[in-house]
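Have a look at the structure below, then the notes.
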Amino acid sequence: MAADNRAEIVKRMWTAWCAGDLETALKDMAENITWTIPGNRQVSGRREGKPAMRELFAEVHGMFPRGLEVVFHRLHSATDSVTAEMTIKGPAFNGRHYENAYCIVFDIAGDKIQHGRVYVDMAEVARVFDT
């Protein structure tokens, strides 16, 4: 698969995810997808499979019921992965504004995302959600 196609898969999936469109996002994920968010927050940890992604989505959607806006800054494509640098922002359920820089590494096989590793400033997450 061409690098541009992999980047388009990532953009389509992540834009849908942030907008609250889980079904579109899931179409670009492998059945056995793994997803890792390092850190010490409730959303941190490793998830495996689409059912786990549905649970994560419900959790994130509860935090941002109006969805999030994603602005892609750079997409770096390699043979089997895409690294996306982006800003994600939007209103949280508690009325606070969330804006954070993300770097996510997406491993892709064929036309499906096999694994995602999310790197984000957890201090900003704490600022928005800790009271």
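The values are calculated or read from the model by the stated rules, or taken from the named source; none is laboratory data. Keep in mind that what you see is a predicted model, and the values were worked out from it rather than measured. Here Cβ is always computed from backbone atoms with ideal geometry, including for glycine, and neighbour counts include all displayed protein chains.
Under the condition of being of a type in the set (S, T, Y) and crowded, with 16+ Cβ neighbours inside 10 Å, which residue from the range 1-35 is farthest from M63 (Cα to Cα)?
Start the filter on the range 1-35 by keeping residues that are of a type in the set (S, T, Y), which leaves 15, 24, 34.
Next cut, crowded, with 16+ Cβ neighbours inside 10 Å only: 15, 34.
Details: T15: 17, T34: 21 Å.
If we take residues in the range 1-35 being of a type in the set (S, T, Y) and crowded, with 16+ Cβ neighbours inside 10 Å, then T34 is farthest from M63 (Cα to Cα).
Quick check, is V43 under 21 Å from H97 (Cα atoms), at pLDDT below 95 and β-branched (V, I, T)? Explain how you work it out, then say what you get.
Details: under 21 Å from H97 (Cα atoms): yes; at pLDDT below 95: yes; β-branched (V, I, T): yes.
Yes: the conditions hold for V43.
Report yes if R41 is surrounded by fewer than 18 Cβ atoms within 10 Å (Cβ to Cβ), in contact with a helix residue (DSSP H, G or I) (Cβ under 7 Å, 6 or more places away or on another chain), more than 14 Å from Q114 (Cα to Cα) and of a type in the set (K, R), otherwise no. Walk me through it before giving the result.
Working: surrounded by fewer than 18 Cβ atoms within 10 Å (Cβ to Cβ): yes; in contact with a helix residue (DSSP H, G or I) (Cβ under 7 Å, 6 or more places away or on another chain): yes; more than 14 Å from Q114 (Cα to Cα): yes; of a type in the set (K, R): yes.
So R41 fits the description; yes.
Kindly indicate which of G95, G62, G67 is free of Cβ contacts under 8 Å to residues at least 12 places away in the same chain and more than 17 Å from I37 (Cα to Cα).
Numbers: G62 fails: free of Cβ contacts under 8 Å to residues at least 12 places away in the same chain; G67 fails: free of Cβ contacts under 8 Å to residues at least 12 places away in the same chain.
Every option except G95 fails the conditions.
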